[in-house]
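Scroll down for the structure; my scribbles are underneath it.
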Amino acid sequence: MKTMKKVFMTALAVMMAASMTACGDSSSDSSSASDGTIKIGLHYELTGSVADYGNAELKGSELAIKQANEAGGNYTTVVYDNKSDTTESVTLAAQLASDGVAGVVGPATSGTSAATYQIMNDSKVTVISPSATAINQTLNPTSGKVYDYVFRICFEDSYQGAAMAQYAVDTLNKGKVVIYADTSSDYAKGLTDAFSAQFKKLGGTVVATDYYNSGDTDFNSVLTKFKELDFDVLYIPGYYNEAGLIIKQAREMGIDCEIIGPDGFDSETLIDLAGASNLNKVYYTTAYTTVGASDALQAFIDAYKAEYNEEPGMFAALAYDSTNLLIEAIEKAGSTDPEAVKTAVENIEFDGVTGSFSFDETHTPIKSVLVVTLVDGVQGDAVAVSPDVD
Amino acid sequence: MTQFLQQMINGLSLGSIYALVALGYTMVYGIIKLINFAHGDIYMLGAYIGFIVTTKLGLGFVPALVISMAGCALIGVTIERIAYKPLRHATRITALITAIGVSYFLEAGTQRVMGAGVQTFPNVFENKTIILGGLRISTQQIVIFAVTIVLMLLLQFLVTKTKVGRAMRAVSVDADAARLMGVNVDATISMTFAIGSALAGAAGVLVGLYYNSINPLMGMLPGIKAFIAAVFGGIGIIPGAMLGGFFIGIVETMVAGYGSSLWKDAVVYLILILILIIKPAGLLGKNTKEKV
């Protein structure tokens, strides 16, 4: 028994020593190795509650890298899975910083992204967030100043929430809304605040607001309560897993009014959960739709289909744009020097599949919001909305 | 009033699920004084077995229910044999920690095999809504409630009227004395795990059918709620688990329906705390004197 313990302790010591040297090795690694290979970090939610987004974004990013390499580039990827968990994201951010990457794309959601920003900024690694939409996401929460090395290519929640309110009042002619929000995400909180503010400003009333927890499956009790209220539109700021079930249960209960939501609705899983026949009179805001696609977008869709044999969604497109933007910046900078890459991103005039944009002073793009209409679960129509917010 | 009755229907549907899961907790606790924390995950596996049977084999609701119950019974017995039986004479905390380990093993294993994301359970039969004087009852809700009641009656019959049931009750009172009387204690404990797990499997299929959304971690929260239901009714007492299950389901629904849904879980845990302070033996439990 005693010898066993000794053997075990020795093995442990050896392993620890080995792992320490391993760490030392990787931190001395430079992003541009002697053979000229440039490492790009892809940090996504590949498992866990929002795995759909992370996997779609990984595919988008990998397609961009593949195309860049075919065009003569020399890029490799370092892929990490944060399991949709903020703590895990912090650990991986530190890991990426020591991996010596030229830049990082991801994570997909606001919560996990925010967890990585301080570390990435301190380590001077440029991060492009494809879909971190939370309000003031790119600002340091303590100083209120923008993180120098953090960028995102999506509009922020307040903008998206306000656009939905504008659409509900102006186009759908609604005046009485019930909000059923996810209580466990910053994303939903930002949307709820911005939507309510804009809806009230345009003369509408918020009849009731209630909340659910991420992972809930039973919404019948709250929907039964809502059914007794006098309202003409239901807003569900949240993600597809719960939104799909809420829509299904609401429709089965006979809540027939318009249902509106954010880009968290954008997933095939929403259709599976809600059932196509329940997805009528459903509208959501998004940065991306294939309805009325541009040439660049069509080329992306064709390449994506050829590669993965499936239709790309918004998240894949945003990640594709983010990755291309980073590559373009590295090429413009002509080196992987952190300062040069950051400056190149700051001054970029980017032409992507989700639109053309440059960054404002908060490192957020200036873009318009699209509102998509679902007809039997299929995107029927898309209109651009620019809310007049002050 | 209509809204209240509607909420009762919602609560009874939810409560049925808790009750079925709670029965497994209570039966296992009754017989070997183990809180089987892996029980919620058996329920999750039941949902996945149902999912595989309906999507891959294309079978209907009844075969899915039966196969899932049989599959879960087998898994329950296997877990008991591998993980709990060697610890039968160890301290209770050892067995409890093992149960938590088994729980994580099942969750992580399912994530590995079936993927971590949400899977959509197919609609195995047409869901119609019956409108009865302003009340809306779906055929799914009726099926859930009916299956639960039938299974509970069967269980009650099994425990009180059959030889196996008598053996279970004997082992639960005093395992050593039962062994002296010629009861096969190991077989009886296995049988208890089989029945409890089969009920959890049935609950899993019903939940898959009702909410059509299943994932590898779906057993965690309902598992804990069902445990509270079992404690509420008096852990180890079968009718107590049924009562507790329905009670917790209805309380949760009413809190969400008339208060705020943010409070529903908090209220359920508050009930657990109150029960443990005021009547630790549970609603139907008798205060037994400690035998020295």
FRET efficiency estimate (nearest 0.05) - Cβ-Cβ, B:Y258 to A:A299, R0 51 angstrom: 0.40
Relative contact order %, segment B:16-219, counting alpha carbon pairs below 8 Å whose residues are six or more apart: 45
Reachable lysines from A:K200, Cα under 27 Å, same-chain residues fewer than 8 places away excluded? A:K174, A:K176, A:K189, A:K225, A:K227, A:K281, A:K367
Nearest 10 degrees is fine. How inclined is helix A:186-201 to the longest principal axis of chain A, computing both from alpha carbons? 30
Cα centroid separation, segment A:96-125 to segment A:291-306 (Å): 29
Around A:S89, under 11 Å between beta carbons, what's the net of Lys plus Arg minus Asp minus Glu among the other residues? -3
Just to be sure I understand: with springs between alpha-carbon atoms less than 10 Å apart, which residue in B:I248, B:I131, B:I142 has the highest mean-square fluctuation in the Gaussian network model of chain B? B:I131
Alpha-carbon centroid distance for the pair segment B:124-168 / segment A:228-261, whole angstrom: 29
Averaged over A:39-49, how many beta carbons belonging to a partner chain fall within 10 Å of each residue's beta carbon? 2
Which of the trypsin sites (Lys or Arg not before Pro) found in segment B:66-163 are loop residues per DSSP with 14 or fewer other Cβ atoms within 10 Å of their Cβ? B:R88, B:K128
Sorted by average packing, counted as other Cβ atoms within 10 angstrom per residue and highest first, what order do A:377-384, A:146-153 take? A:146-153, A:377-384
On a straight-distance basis, which aspartates and glutamates could pair with A:K124 in a cross-link, Cα separation under 17 angstrom, same-chain partners fewer than 8 positions away excluded? A:D29, A:D99, A:D148, A:D337, A:E339, A:E346
Output wanted: per-residue J couplings in Hz (rounded whole) for segment A:301-314, from phi through Karplus 6.51 cos²θ - 1.76 cosθ + 1.60, θ = phi - 60°, x for Gly and Pro. 4, 5, 5, 5, 5, 5, 7, 10, 6, 8, 6, x, x, 4
Rg and Dmax in Å for chain A, alpha carbons only: what are they? 22.4, 79
Average other protein chain Cβ within 10 Å of Cβ, residues B:210-220: 4
Does the protein assembly as shown come out rounded, prolate or oblate by the C-alpha gyration tensor, with a ≥ b ≥ c the root eigenvalues, rounded set by a/c under 1.5 and, if not, prolate when a/b is larger than b/c and oblate if not? oblate
When a/c reaches 1.5 or more, the comparison of a/b and b/c decides; with that in mind, is segment B:16-219 rounded, prolate or oblate per its Cα gyration tensor? oblate
Under the 7 Å Cα-to-Cβ spin-label approximation, B:D174 and A:T362 lie apart by a distance in nanometres of 7.4
Report the relative contact order of chain A, percent, no decimals, based on alpha-carbon pairs under 8 angstrom and at least 6 residues apart. 17
Across peptide A:253-260, how many C-beta atoms of other chains are within 10 Å of each residue C-beta, on average? 1
How large is the direction-averaged shadow of the alpha-carbon convex hull of segment A:174-280, in nm²? 5.9
Before rounding to the nearest 500, sum -39500 (n - 2.57) across all DSSP H runs of length at least 4 in chain B and divide by the residue total; then give [θ] at 222 nm in deg cm²/dmol. -24000 deg cm²/dmol
In debye, nearest 20: dipole of the protein assembly as shown around its Cα centre with unit charges on the Cβ of K, R (+) and D, E (-)? 4540
Neighbourhood charge, 14 Å Cβ-Cβ cut-off, centred on B:L96 and excluding it, Lys, Arg +1 and Asp, Glu -1: +3
Mean ellipticity per residue at 222 nm, deg cm²/dmol - from DSSP H runs of n ≥ 4 across chain A, formula -39500 (n - 2.57): -14500 deg cm²/dmol
Does segment A:68-199 come out rounded, prolate or oblate by the C-alpha gyration tensor, with a ≥ b ≥ c the root eigenvalues, rounded set by a/c under 1.5 and, if not, prolate when a/b is larger than b/c and oblate if not? prolate
Using the Karplus equation 6.51 cos²θ - 1.76 cosθ + 1.60 (θ = phi - 60°), what ³J(HN,Hα) coupling, rounded to whole Hz, does each residue of segment B:228-243 give in order, writing x for Gly and Pro? 4, 4, 5, 5, 4, x, x, 5, x, 10, 4, x, x, 5, 5, 4
Cα lying deepest toward the dipole's positive end in segment B:16-219, options B:Y29, B:I17, B:F105, charges on Cβ: B:Y29
Restricting to aspartates and glutamates and to Cα separations under 14 Å from B:K264, and discarding same-chain partners fewer than 8 apart, the set is A:D210, A:D216, A:D218, B:E252
Counting only other residues whose beta carbon sits under 9 Å from that of A:C257, what net charge do I get with K and R as +1, D and E as -1? -1
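Each reported figure results from applying straightforward, stated rules to the coordinates on display, with no laboratory input. Source: prediction; values computed, not measured. Here the Cβ is made from the backbone with ideal geometry for all residues, glycine too, and neighbour counts use every protein chain on show.
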